[in-house]
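Engineer: Have a look at this one.
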Protein chains: 2
Amino acid sequence: MKTMPDPAAALLATIGQRVDLIDTPAAVVDLDAMERNIQRMADFARKHQVRWRPHAKMHKCAELALRLQQAGAGGACVQKVSEAEALAAGGVTDIYISNEVIAPAKLLRVARLARQLAGLGGRLAIAVDSLEGIARLAEAMDAAGPDGAGIDVFVEIDVGQGRCGVPPGGAAVPLAQAVGGHARLRFAGLHAYHGRAQHLRGTAERRDAVAAAVEAARATRDAIQAAGLPVPLVTGAGTGTLVHEAASGVYGELQAGSFLFMDADYAANEREPAQPAFEHALFIKTQVISSCGTHAVCDAGHKSHAIDSGLPQVAFLPPERALRYANGGDEHGLLFADSPRARLPAIGRMLWLVPGHCDPTVNLHGHLVGVRGGLAHGVVERILRVDARGAVT
Amino acid sequence: MKTMPDPAAALLATIGQRVDLIDTPAAVVDLDAMERNIQRMADFARKHQVRWRPHAKMHKCAELALRLQQAGAGGACVQKVSEAEALAAGGVTDIYISNEVIAPAKLLRVARLARQLAGLGGRLAIAVDSLEGIARLAEAMDAAGPDGAGIDVFVEIDVGQGRCGVPPGGAAVPLAQAVGGHARLRFAGLHAYHGRAQHLRGTAERRDAVAAAVEAARATRDAIQAAGLPVPLVTGAGTGTLVHEAASGVYGELQAGSFLFMDADYAANEREPAQPAFEHALFIKTQVISSCGTHAVCDAGHKSHAIDSGLPQVAFLPPERALRYANGGDEHGLLFADSPRARLPAIGRMLWLVPGHCDPTVNLHGHLVGVRGGLAHGVVERILRVDARGAVT
């Protein structure tokens, strides 16, 4: 892995520095915990004989996508064309844009990227959910000329997410056929991701939601195969439900990405016994900058961590000395000591936060500081550049 | 003003391009509306004979800070040291870090920046709210050596925000005295910002909240002056309440920043008659990428706009054809046509969103696309780089 000697990174932390000297607020990765999570996921996928293609929209680092491939992952998922371009620039050659792309100018970039990755022995895949989208994609792929590449195309079905995708069953058949009708498009299978199921708190709720998704995917697959088209793969699943998709016999590939860092929201799920014991590996290091009698104030607000899935939690404190983080706006967090034995932290004190949601939290940072040897006494081993930060197009 | 020919900006939009060709999602500034907002604010400040130092934590662009100074603003506020450094690199020389800074390494950067700006004929100011903070700041300023610069120091008092700051009244006196006791620190006055009051919806509520803040600031000023120290300035106010601080006779400087772009949250306030009629000038351009029978899906989610102050609103549609934006996650928005005459937009349709909160929305983008001639038929005039994007330290 490479280290990044750029000026912004150097202000944040330097290689070999002790953890307590990392500037705040900073997004810090416990590399030991992250690598244990990778090993758990690799073991899980091997045991269940299922492919895994972790979603890079979570970590947005080419270096981490490559690290996951070393551990057995079959490429990376991304959500946006600009994310795919950023990962490709960092050396990732097997990328699936698990989302619909409609704009002609962006589809020309997709076609260029498909050709670039094919030239490197890799491949690009994309999702579609409309005849319009397929026609536009085919036009852009054809515009690349006679030496253009092909692209793998997944038809997205809505298995309960209520967002993109055609209804399961017969509606997917004409889309699969339309894909199959273009020389540059290869029908690669079904995209069947149930995002809402990831955050259902109870194990039974998640199991039931995914059971319905599995049946929907199976019925759709059967309908397409009955029309004479093979369905090579059903892809989907996230960190909250991957146990069920892996055991389904229908899903052949898991897209879970959050397992790498784990966030407070996923940790709030009741844990499925078969689920690997993923640990928190991403933290926000923050520092107390003000303290009055009633509360203290730290320097991490919602420009340092996303709050769409709840506020962060203060980590590594024993329950009787817990601090409660309350919203202090863009740049501040308020800390309250609710229990009788808890004490407000003094000015200058360093604290660690577990973000509510990793994906949009990572997107706020230019770099992630990778620490080896634990967050209490470890040292900075590498600084990961967030290659696709802000890559929303 | 300069235009930025960098590759990421060029993919988003090119100078002279028609609005409909700007890639999506994109943060787009209606330059005409923005300039009308600047003129309104300049007129207001002149009429009330009050200084204004707009908060650059909102727009994060050196180019815009300089544009505001051309219109009469007296420098820029920022919230973080790295923001100050980013603006200084872009040519801004009069900067107030309206926040507490505690880390010794960061205070050394403050001292360096103070010296740099003083060398350019500018100045740096900072807020404090503890003796510890003052001692650390003084130590860093002294460490800069005999040819180091001075720094203006504001004592922050809590006038109702409930975040940083000492209580109003006597508690601020020893802090002002401590500042006055260091050769490199100049006591510049009081920082008295009431953030919570900005978002109280009713005009009477906001008026009453600021009336209490004004009395608190006045009492504190009088206590410090009674101790023999002049209080050169009381600084504070935001876009929601600036009418009241401007008329107070106590506040000499307004920090309001959001007036420049206006967001959905500020627009939801009941409007004070004396308030200038600020317009929305920041929009997220988005495109429909999927559409089923019940809803459409656009390509802007909460990686494109912050949702801490509510979801964005779909702009420029007549009421009977209004679309409701619902949260679709990091990268998607769900669009519902609730009224009988409304129609779901087709795949490829462009829409404009007004973000709930400008500050953290701008922070998600590397560039803002500046359009001249209106969003319906205008052209791209310039691409503003968000110099301090992600500058949280």
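Engineer: So B:GLU272 fits all but one of (1) over 24 Å from the mean Cα position of the chain (by Cα); (2) not assigned by the TED database to the domain that holds B:ALA149; what number is the exception?
Structural biologist: Exception for B:GLU272: condition (1).
Engineer: Being touching a residue at least 40 places away in the same chain (Cβ under 8 Å) and touching a helix residue (DSSP H, G or I) at 6+ places or on another chain (Cβ under 7 Å) is the filter here; which residues of the range A:281-302 pass it?
Structural biologist: A:ALA281, A:LEU282
Engineer: Something else now. Examine the range A:296-315 for a residue that is in a loop (DSSP other than H, G, I, E, B), more than 11 Å from chain B (Cβ to nearest Cβ) and open to solvent by 50 Å² or more (accessible area, probe 1.4 Å), and state whether such a residue exists.
Structural biologist: No, the range A:296-315 has no match at all.
Engineer: Right, here's the next one. Out of curiosity, is B:ARG389 part of a loop (DSSP other than H, G, I, E, B), open to solvent by 30 Å² or more (accessible area, probe 1.4 Å), within 13 Å of chain A (Cβ to nearest Cβ) and not β-branched (Val, Ile, Thr)?
Structural biologist: Working: part of a loop (DSSP other than H, G, I, E, B): yes; open to solvent by 30 Å² or more (accessible area, probe 1.4 Å): yes; within 13 Å of chain A (Cβ to nearest Cβ): yes; not β-branched (Val, Ile, Thr): yes.
Spelling it out, B:ARG389 is indeed part of a loop (DSSP other than H, G, I, E, B), open to solvent by 30 Å² or more (accessible area, probe 1.4 Å), within 13 Å of chain A (Cβ to nearest Cβ) and not β-branched (Val, Ile, Thr).
Engineer: Moving on to the next point. Right, A:SER248: closer than 22 Å to A:CYS77 by Cβ, surrounded by fewer than 24 Cβ atoms within 10 Å (Cβ to Cβ) and either assigned by the TED database to the domain that holds A:VAL380 or of a type in the set (Ser, Thr, Tyr) (or both) or not?
Structural biologist: Working: closer than 22 Å to A:CYS77 by Cβ: yes; surrounded by fewer than 24 Cβ atoms within 10 Å (Cβ to Cβ): yes; either assigned by the TED database to the domain that holds A:VAL380 or of a type in the set (Ser, Thr, Tyr) (or both): yes.
Yes.
Engineer: Continuing with this model, one more query. Taking the condition of being open to solvent by 20 Å² or more (accessible area, probe 1.4 Å) and touching a helix residue (DSSP H, G or I) at 6+ places or on another chain (Cβ under 6 Å), how many residues in the range B:251-270 meet it?
Structural biologist: Matching residues across the range B:251-270 total 2.
Engineer: Mind checking whether some residue in the range A:271-285 is within 14 Å of another protein chain (Cβ to nearest Cβ) and crowded, with 20+ Cβ neighbours inside 10 Å? Even if it seems obvious, please write down each step before you answer.
Structural biologist: First pass over the range A:271-285, keeping only residues within 14 Å of another protein chain (Cβ to nearest Cβ): A:284-285.
Next cut, crowded, with 20+ Cβ neighbours inside 10 Å only: A:284-285.
Yes - at least one qualifying residue is present in the range A:271-285.
Engineer: Follow-up. Condition first: farther than 13 Å from A:LYS80 by Cβ and of a type in the set (A, V, I, L, M, F, W, C). Now tell me which residues in the range A:108-123 satisfy that.
Structural biologist: Taking the range A:108-123 first, the residues farther than 13 Å from A:LYS80 by Cβ are A:108, A:111-112, A:114-123.
Result: A:LEU108, A:ALA111, A:ALA114, A:LEU117, A:ALA118, A:LEU120.
The values are calculated or read from the model by the stated rules, or taken from the named source; none is laboratory data. Being a predicted model, the structure only gives us computed values, none of them experimental. Heads up, the Cβs are rebuilt from the backbone with ideal geometry, glycines too, and the neighbour counts pull from every protein chain shown. Ligands, DNA and RNA are excluded from the accessible area calculation, which covers all protein heavy atoms including side chains. Shrake-Rupley method; radii C 1.70, N 1.55, O 1.52, S 1.80 Å.
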